[in-house]
Each structure stands twice: as C-alpha cells, then as structure tokens.
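Below: one structure in structure tokens.
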Amino acid sequence: MSTAIAILPSQGIALRNNDIDKYVAEIRKYPLLSRDEELKLALKFRDEGDVQAAHQLVVANLRFVVKIAHEFRGYSLKILDLVQEGNIGLMMAVKKFDPDRGYRLISYAVWWIRAYMRSFVMRTFSSVKLGSTHASRKLFFKLRSTKSQMEKDGEAAPSTQELAAALGVDESDVLDMEMRMSARDYSLDAQPADGRPAFLDRLQSDEADQEERLGDEEVKLENSKTVQTALMKLSEKERYIVEQRFLLEEPRTLSDIGDEFGVSRERVRQLEARAMTKLKAALNPAKKEAEIA
C-alpha cells in the first residue's frame with residue numbers, strides 16, 4: 001500500500017499552496033466507480049496485490065475526502081491539511097477493505113477518513129495534549145457543535161450547566177475544556193503576573209527514577225531471554241509460523257504461510273495452535289506442574 005501512496009503526487013494530485021479549488025478540479029478528472037467496477041478492482045487488489053487497482057480505488061474517492069474535511073472547518077485549520085490526513089485514512093481503508101461484505105468502499109472508508117482527521121485536529125489544535133480518553137475526545141469535538149446548536153435554538157448563550165446536561169458530563173469537565181480550547185497554548189517559561197514561579201518550575205516529572213528504570217530494563221531483558229528459550233523448544237516449522245504470525249510488524253496470514261509451505265490454511269492453523277500450547281507450557285512451567293499434580 002506504500003506504493004499506492006507514492007503514486008498520488010506523480011499523477012498530479014499534489015497538495016500544495018492551499019489552493020483547494022485547483023485541487024478539487026484535478027481530482028474531479030477521475031470518474032466515480034460503479035458498484036461492479038469497484039468490486040472488480042477491490043478483488044484484484046486483495047487477491048492479486050495489484051497496486052494499480054488500489055490506486056484507482058483511491059483516486060475515485062478523493063472528492064469524498066474533501067467533503068468530509070469541510071466538517072472540521074470550525075477548528076481554523078487549513079482545509080488541505082485536513083484533506084491530506086483524510087487521504088491517508090482513505091488509503092488505509094482501501095488496504096483493509098473486504099469486498100465480500102457487500103457494502104461500498106466509501107461506506108467503510110468514511111470511518112477511517114474521519115478518524116485520521118480527528119487525530120490531526122487533536123494533535124495540531126494545541127501542542128499541549130487536550131486529552132486521550134474517549135470521553136475527553138468526545139467532549140472536544142461535541143462541545144463546539146452542541147454550544148452552537150443550543151445558541152441557534154435559544155435566545156441566549158447556554159450556561160455551563162446546560163451544556164454539561166446536554167453532553168452528559170460534569171460541569172467541571174465543560175469548564176476545563178472551554179478554558180483549554182479558548183486559551184490554546186501557554187508558554188511554560190512565561191512568568192505569571194502574580195509573581196508565582198513559571199509554569200515549567202511547577203511541573204511534576206512523571207518519569208521513573210534511575211533505580212526503577214534499571215529494574216524495568218532487567219525485567220525486559222529477562223523476559224526476552226525467557227521467550228527466546230521457549231521458542232527454541234518449537235520445531236523449525238512451528239517457530240517460523242510463530243515468528244511470521246506474531247513477531248512481524250505486519251503479520252502474515254495463515255493462507256500466505258500455507259501457500260509457502262504447500263499446505264492448507266487449516267493445517268497452518270493447527271501448527272500454530274500446537275506451537276502456542278508449547279509456548280504457554282514453556283513460559284509458565286509452574287502452572288504446568290500444578291496441572292500435572
């Protein structure tokens with residue numbers, strides 16, 4: 001899929017200068033796909049690894065990314081920066097799309113596109129992390145739209161208490177998020193007007209001390225040795241399957257490994273299950289002894 005990503009600029013679809021009209025004009029040169037055309041290309045990419053088929057799926061749906069990007073215009077970010085992130089989400093969707101499920105690509109891709117755009121907004125809206133929990137992310141994206149809708153429906157701006165009730169959160173959470181969204185970033189070196197120490201001097205370090213870090217490294221080293229010893233108890237074929245299925249950055253499928261060995265997918269699954277049973281026994285001998293006893 002990395003090749004598909006590299007194809008886009010070479011075809012003249014480069015995101016530069018923030019000229020959204022020019023960009024939209026370029027991507028409209030690529031026609032939308034019918035359901036049958038999309039299915040054919042998706043199967044070709046999945047079953048044959050045809051990168052050109054993936055490229056066609058991507059460029060045919062770029063206009064939808066622009067449409068979704070406009071949903072995030074209220075955060076004062078460049079529209080083409082949002083489009084760039086959404087395009088990456090679209091490519092990931094093409095990579096993971098299962099044409100056998102019967103729905104259109106864009107119906108699946110819209111979730112990936114929005115996820116990448118939301119992540120970009122959270123990263124760039126403030127250099128200080130606004131929150132990583134599901135609740136804080138939901139509040140970040142819902143607060144502005146809910147407040148705007150309530151202002152349209154009522155005669156006056158909603159109170160913090162009314163916003164909290166509408167969003168189903170504590171009033172203190174609304175106050176905190178409104179403060180951070182309005183204040184944006186603070187300089188850690190700035191000296192407060194009341195004479196208190198700078199923000200940097202009041203930050204508490206969350207880093208472990210030297211003794212804790214040394215202990216963590218020793219535990220990691222010991223665990224690594226234990227795993228390597230356990231792997232050596234497997235047969236060469238079992239060890240290869242475990243490495244290919246669990247130790248690679250992009251694990252291979254049972255079918256891929258079966259094709260390499262000239263055996264069925266089910267046979268590879270059986271070998272994998274047997275290998276995992278051996279590994280569990282090797283990694284937890286005390287449990288094994290208790291079961292025997």
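The values are calculated or read from the model by the stated rules, or taken from the named source; none is laboratory data. A quick note: this is a predicted structure, and the numbers were derived from the prediction, not measured. Virtual Cβ from ideal backbone geometry, glycine too; neighbours counted across all protein chains shown.
If I filter the stretch 170-182 for residues that are surrounded by fewer than 13 Cβ atoms within 10 Å (Cβ to Cβ) and either at pLDDT below 65 or within 30 Å of residue 46 (Cα to Cα) (or both), do I get at least one hit? Show your work before the answer.
Pass one, the stretch 170-182, residues surrounded by fewer than 13 Cβ atoms within 10 Å (Cβ to Cβ): 170, 172, 179, 182.
This time we only want the ones that are either at pLDDT below 65 or within 30 Å of residue 46 (Cα to Cα) (or both), so: 179, 182.
There is at least one residue in the stretch 170-182 that is surrounded by fewer than 13 Cβ atoms within 10 Å (Cβ to Cβ) and either at pLDDT below 65 or within 30 Å of residue 46 (Cα to Cα) (or both).
Among the residues of the stretch 52-62, is there at least one that is of a type in the set (A, V, I, L, M, F, W, C), modelled with pLDDT of 90 or more and assigned to a loop (DSSP other than H, G, I, E, B)? Lay out the reasoning, then the answer.
Quick first cut of the stretch 52-62, residues of a type in the set (A, V, I, L, M, F, W, C) only: 53-54, 57-60, 62.
Next cut, modelled with pLDDT of 90 or more only: 53-54, 57-60, 62.
Okay, now just the ones that are also assigned to a loop (DSSP other than H, G, I, E, B), so 60.
Yes - at least one qualifying residue is present in the stretch 52-62.
Same structure again: Looking only at the stretch 83-131, how many residues end up being polar (S, T, N, Q) and either under 21 Å from residue 43 (Cα atoms) or modelled with pLDDT of 90 or more (or both)?
Of the residues in the stretch 83-131, the ones polar (S, T, N, Q) are 84, 87, 107, 119, 124, 126-127.
Within this subset, residues satisfying the condition of being either under 21 Å from residue 43 (Cα atoms) or modelled with pLDDT of 90 or more (or both) are 84, 87, 107.
Selection size over the stretch 83-131: 3.
Also, I was wondering about something else. Working only within the stretch 93-122, note down all residues that are within 27 Å of residue 74 (Cα to Cα) and basic (Lys, Arg).
Selection gives 114, 118.
I've got another one for you. Anything in the stretch 212-239 that is among the β-branched types (Val, Ile, Thr) and surrounded by 12 or more Cβ atoms within 10 Å (Cβ to Cβ)? List them, or say none.
226, 227
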